[in-house]
Amino acid sequence: MSWIVLVVSGALEAVWATALGKTEGFSKWPPTVLFAVALIASMGGLAYAMRDLPVGTAYSVWVGIGAVLTVAYAMATGEEPVTIGKLVFLTMIISGVVGLKLAH
């Protein structure tokens with residue numbers, strides 16, 4: 001169960017990171033509210049997962065999932081260019097996250 005919560009929390013990290021970029025310094029209310037809700041849920045899920053998983057593993061997986069999904073969303077929406085280099089390094093992050101799960 002902790003792994004499922006951790007993956008969902010990692011996805012919520014991508015939500016709050018993307019929303020944060022759209023708040024324009026917290027001057028736009030809809031993305032600001034989305035940021036706050038996703039941040040609280042993401043941190044709560046991370047804290048829950050850390051009850052059963054080592055801190056280093058849980059945090060690394062959480063950050064890795066959030067980073068990959070944030071960049072993937074930006075590339076999918078055209079906010080960031082898709083390059084071979086980015087795809088290679090995102091694949092490396094995904095491999096590391098999977099490796100941490102398998103090593104656990």
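The values are calculated or read from the model by the stated rules, or taken from the named source; none is laboratory data. Being a predicted model, the structure only gives us computed values, none of them experimental. Cβ sites come from the backbone with ideal geometry, for glycine too, and all protein chains shown count toward neighbours. Surface areas here come from the heavy atoms of the whole protein model, side chains and all, with no ligands, DNA or RNA. Shrake-Rupley method; radii C 1.70, N 1.55, O 1.52, S 1.80 Å.
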(1) open to solvent by 40 Å² or more (accessible area, probe 1.4 Å); (2) without any contact (Cβ under 8 Å) to a residue 40 or more places away in the chain; (3) within 16 Å of A67 (Cβ to Cβ) all hold for S42 apart from (1)
Kindly indicate whether G96 is surrounded by fewer than 11 Cβ atoms within 10 Å (Cβ to Cβ), assigned to a helix (DSSP H, G or I) and small (G, A, S). no
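Among the residues of segment 14-38, which ones are in a loop (DSSP other than H, G, I, E, B) and out of contact with any helix residue (DSSP H, G or I) (no Cβ under 6 Å at 6 or more places or on another chain)? Let's see the steps before the verdict.
Of the residues in segment 14-38, the ones in a loop (DSSP other than H, G, I, E, B) are 23-28.
Within segment 14-38, E24, G25, S27, K28 meet the criteria.
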Expected output for segment 63-78 (first residue free of Cβ contacts under 8 Å to residues at least 60 places away in the same chain, partner polar (S, T, N, Q) and crowded, with 19+ Cβ neighbours inside 10 Å, Cβ below 7 Å, 6+ apart or cross-chain) is T70/T18; Y73/T18
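Considering each of L12, L90 in turn, give the residue that is aliphatic (A, V, I, L, M) and either within 20 Å of S2 (Cα to Cα) or open to solvent by 30 Å² or more (accessible area, probe 1.4 Å) (or both).
On the way: L90 fails: either within 20 Å of S2 (Cα to Cα) or open to solvent by 30 Å² or more (accessible area, probe 1.4 Å) (or both).
Of L12, L90, the one residue that is aliphatic (A, V, I, L, M) and either within 20 Å of S2 (Cα to Cα) or open to solvent by 30 Å² or more (accessible area, probe 1.4 Å) (or both) is L12.
Residues A47, A58, A41, A11: which one is under 24 Å from E79 (Cα atoms) and part of a helix (DSSP H, G or I)?
Numbers: A47 fails: under 24 Å from E79 (Cα atoms); A58 fails: under 24 Å from E79 (Cα atoms); A41 fails: under 24 Å from E79 (Cα atoms).
Selected residue: A11, the only one of A47, A58, A41, A11 that is under 24 Å from E79 (Cα atoms) and part of a helix (DSSP H, G or I).
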